[in-house]
Protein chains: 2
Amino acid sequence: MTQPTREKILDVVFKLVYINGYNGTSMAMILKECGIPKGSLYHYFKSKKEMVLAVVSERINPRMDEFYQLNVEESQEGIDTLLAAILKVSKKELLVSYGCPLNRLNQEMSPVDSDFEKAINSIYNRLRDKITLLLENSQLKLDVDKESLSEFIIASVWGSISLSPTQSTTGRYIQTISHLINYLKSLKV
Amino acid sequence: MTQPTREKILDVVFKLVYINGYNGTSMAMILKECGIPKGSLYHYFKSKKEMVLAVVSERINPRMDEFYQLNVEESQEGIDTLLAAILKVSKKELLVSYGCPLNRLNQEMSPVDSDFEKAINSIYNRLRDKITLLLENSQLKLDVDKESLSEFIIASVWGSISLSPTQSTTGRYIQTISHLINYLKSLKV
DNA sequence: TCAAAGTTAGACCAATCAGTCTATTTAGAG
DNA sequence: CTCTAAATAGACTGATTGGTCTAACTTTGA
């Protein structure tokens with residue numbers, strides 16, 4: 001069973017836009033990579049923008065949890081789930097090399113298009129809230145503000161994997177992010 | 001005395017590329033914003049790429065120190081200079097709203113063009129080394145690795161100001177980055 | 001079996017892209 | 001003033017952009 005056309009398009013567009021950016025990816029590149037004619041593509045999506053917004057909601061959004069391995073395990077405290085997730089990022093080669101796809105698209109599109117801004121922000125907020133929940137489900141020092149800590153965690157992980165796309169390696173990421181790990185551990189009671 | 005044409009071009013290109021990105025900024029936009037004819041622009045720069053690379057070395061590079069207010073003051077310890085600099089970032093509105101110009105260009109261009117990658121990396125390395133130097137000139141706990149700590153500092157600052165271009169505010173940045181401040185303070189002897 | 005709907009196919013379009021070219025104006029040196 | 005080089009001016013080009021349109025093929029349900 002071959003993959004339905006629409007799904008294949010979303011996969012290809014996700015990959016190309018992730019690496020080349022929105023403006024760096026042309027419809028011609030997408031058609032070539034998909035191996036489909038133009039008519040098919042515009043049958044499923046009425047414009048480039050609508051197509052990439054579909055990638056945001058149907059590819060990036062549902063995979064954020066998977067990317068960051070934030071599946072809550074009942075057996076451990078929230079903060080330990082989080083610590084494990086931060087380390088597991090190093091296992092995702094694409095993520096370490098190219099940075100977070102949501103963050104990349106955010107930087108390129110949010111300043112110039114409010115539809116992208118809204119779509120991206122809602123995913124970001126969902127991720128932040130999920131992390132906040134994990135933190136609230138942990139024994140931390142009382143004066144720790146969970147929401148800003150969530151933001152700090154996301155910021156430093158995204159920052160670490162975006163420092164240098166080509167120089168980035170698993171080892172380097174682990175070294176850099178070890179400081180976040182240290183800090184988080186120091187917040188435990 | 002009006003600003004020389006070449007300098008004006010660099011200023012305009014810096015601003016437009018900072019906000020719209022490389023591929024999001026057309027030569028036509030640049031000409032219009034500068035109010036000059038095409039002949040002038042191509043008299044000073046032989047291509048768009050060379051022009052933006054000139055912006056990297058003649059605008060972004062010399063202003064990195066200024067951006068991050070990393071001017072060493074003899075009177076205080078390195079880490080205190082650093083702590084002050086991290087807070088002073090909040091005073092730079094553009095920086096807090098749109099993120100670091102070097103980081104933005106890095107994410108867009110480094111994966112697809114090695115000339116940009118090299119130019120950006122060398123600036124990044126210079127910044128990291130400067131911060132490392134400040135750290136080495138500080139009384140920190142002995143087991144702290146200064147180089148990875150520099151990377152972590154840059155990563156979390158860049159990450160914090162890139163989280164949400166339009167939602168970003170001074171106050172939010174300070175809240176997020178307070179965790180970095182806490183961590184750094186905890187490393188002092 | 002046949003018509004309708006869904007899908008594929010790609011020629012075609014106006015607008016825009018980065019870049020070239022020649023002509024003209026301006027500025028400085030002698 | 002005169003000559004030369006620098007700078008300005010913008011028409012023009014071929015390639016590429018996102019997007020449209022009609023025709024044909026395939027699938028589906030009656």
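The values are calculated or read from the model by the stated rules, or taken from the named source; none is laboratory data. All of these numbers come straight from a predicted model, not from anything done at the bench. Don't worry about glycine lacking a Cβ; one is built from the backbone with ideal geometry, like all the others, and counts go over all protein chains shown.
Given (1) in a loop (DSSP other than H, G, I, E, B); (2) under 24 Å from B:Thr170 (Cα atoms); (3) away from chain B (no Cβ under 13 Å), where does A:Gln76 come up short, assuming only one miss?
The one condition A:Gln76 does not meet is (2).
Would you check if A:Lys49 is of a type in the set (Lys, Arg), closer than 29 Å to B:Gly21 by Cα and within 16 Å of DNA strand C (Cβ to nearest atom)?
So A:Lys49 passes the test.
Filter segment A:155-174 down to the residues that are in contact (Cβ under 8 Å) with a residue 12 or more places away in the chain and within 18 Å of B:Asn182 (Cα to Cα) and list them by number.
Within segment A:155-174, A:Ser156, A:Val157 qualify.
How many residues does segment B:124-154 contain that are touching a residue at least 60 places away in the same chain (Cβ under 8 Å) and either part of a helix (DSSP H, G or I) or among the small types (Gly, Ala, Ser) (or both)? First the steps, then the outcome.
Quick first cut of segment B:124-154, residues touching a residue at least 60 places away in the same chain (Cβ under 8 Å) only: B:126-127, B:130-131, B:134, B:137-140, B:153.
Subsequent filtering for residues that are either part of a helix (DSSP H, G or I) or among the small types (Gly, Ala, Ser) (or both) retains B:126-127, B:130-131, B:134, B:138, B:153.
The number of residues fulfilling the criteria is 7.
Please specify each residue of segment B:12-39 satisfying the condition of being surrounded by fewer than 16 Cβ atoms within 10 Å (Cβ to Cβ) and within 11 Å of DNA strand C (Cβ to nearest atom).
Within segment B:12-39, B:Ser26, B:Met27, B:Ala28, B:Met29, B:Lys32, B:Pro37, B:Lys38, B:Gly39 qualify.
Could you say which residue among A:Leu163, A:Leu142 is at pLDDT below 95 and under 18 Å from A:Pro101 (Cβ atoms)?
A:Leu163
If you go through segment A:4-27 one residue at a time, do you hit one that is of a type outside the set (Gly, Ala, Ser) and at pLDDT below 95? Don't jump to the end; show me each part of the working.
Of segment A:4-27, the ones of a type outside the set (Gly, Ala, Ser) are A:4-20, A:22-23, A:25, A:27.
Next, from what is left, pick out any that are at pLDDT below 95: A:4-5.
Within segment A:4-27, one or more residues are of a type outside the set (Gly, Ala, Ser) and at pLDDT below 95.
Working carefully through the options B:Ile30, B:Ile36, B:Ile79, find the one that is closer than 24 Å to B:Arg128 by Cα and of a type in the set (Val, Ile, Thr). Explain how you work it out, then say what you get.
On the way: B:Ile30 fails: closer than 24 Å to B:Arg128 by Cα; B:Ile36 fails: closer than 24 Å to B:Arg128 by Cα.
On inspection, the qualifying residue turns out to be B:Ile79.
Provide a single number: the residues in segment B:30-55 that are assigned to a loop (DSSP other than H, G, I, E, B) and either hydrophobic (A, V, I, L, M, F, W, C) or in contact (Cβ under 8 Å) with a residue 12 or more places away in the chain (or both). Let's see the steps before the verdict.
Step one: filter segment B:30-55 for residues assigned to a loop (DSSP other than H, G, I, E, B), giving B:35-37, B:45-47.
Checking the rest, the ones that are also either hydrophobic (A, V, I, L, M, F, W, C) or in contact (Cβ under 8 Å) with a residue 12 or more places away in the chain (or both) come to B:36, B:45.
Result for segment B:30-55: 2.
Would you mind telling me which numbered condition in (1) surrounded by 15 or more Cβ atoms within 10 Å (Cβ to Cβ); (2) farther than 19 Å from B:Gly159 by Cβ A:Lys130 fails?
(2)
Go through segment A:4-29 residue by residue and tally those that are more than 14 Å from chain B (Cβ to nearest Cβ), more than 8 Å from DNA strand D (Cβ to nearest atom) and either outside any loop (DSSP other than H, G, I, E, B) or touching a residue at least 60 places away in the same chain (Cβ under 8 Å) (or both).
10
Taking the criterion of being within 11 Å of chain B (Cβ to nearest Cβ), on the phi > 0 side of the Ramachandran plot and surrounded by 15 or more Cβ atoms within 10 Å (Cβ to Cβ), would at least one residue in segment A:98-118 satisfy it?
Checked segment A:98-118: at least one residue is within 11 Å of chain B (Cβ to nearest Cβ), on the phi > 0 side of the Ramachandran plot and surrounded by 15 or more Cβ atoms within 10 Å (Cβ to Cβ).
Condition test on A:Tyr42, is it hydroxyl-bearing (Ser, Thr, Tyr), crowded, with 20+ Cβ neighbours inside 10 Å and within 16 Å of DNA strand C (Cβ to nearest atom)?
The answer is no for A:Tyr42.
Any residue in segment B:156-175 that is part of a loop (DSSP other than H, G, I, E, B) and more than 7 Å from every other protein chain (Cβ to nearest Cβ)?
Within segment B:156-175 (the criterion being part of a loop (DSSP other than H, G, I, E, B) and more than 7 Å from every other protein chain (Cβ to nearest Cβ)), the answer is yes, since at least one residue qualifies.
What do you reckon, is B:Ala84 surrounded by 17 or more Cβ atoms within 10 Å (Cβ to Cβ) and assigned to a helix (DSSP H, G or I)?
So B:Ala84 does not fit the description; no.
Answer yes if at least one residue in segment B:52-66 is surrounded by fewer than 17 Cβ atoms within 10 Å (Cβ to Cβ), farther than 25 Å from A:Asn106 by Cα, within 8 Å of DNA strand C (Cβ to nearest atom) and of a type in the set (Ser, Thr, Tyr), and no otherwise.
Keep residues of segment B:52-66 that are surrounded by fewer than 17 Cβ atoms within 10 Å (Cβ to Cβ), which gives B:57-58, B:62-63, B:65-66.
Of the ones still in play, those that are also farther than 25 Å from A:Asn106 by Cα are B:57-58, B:62, B:65-66.
Restricting the remaining residues to those that are within 8 Å of DNA strand C (Cβ to nearest atom) gives none.
Within segment B:52-66, not a single residue is surrounded by fewer than 17 Cβ atoms within 10 Å (Cβ to Cβ), farther than 25 Å from A:Asn106 by Cα, within 8 Å of DNA strand C (Cβ to nearest atom) and of a type in the set (Ser, Thr, Tyr).
So is A:Gln69 modelled with pLDDT under 95, touching a helix residue (DSSP H, G or I) at 6+ places or on another chain (Cβ under 6 Å), under 30 Å from A:Leu135 (Cα atoms) and in a loop (DSSP other than H, G, I, E, B) or not?
Yes.
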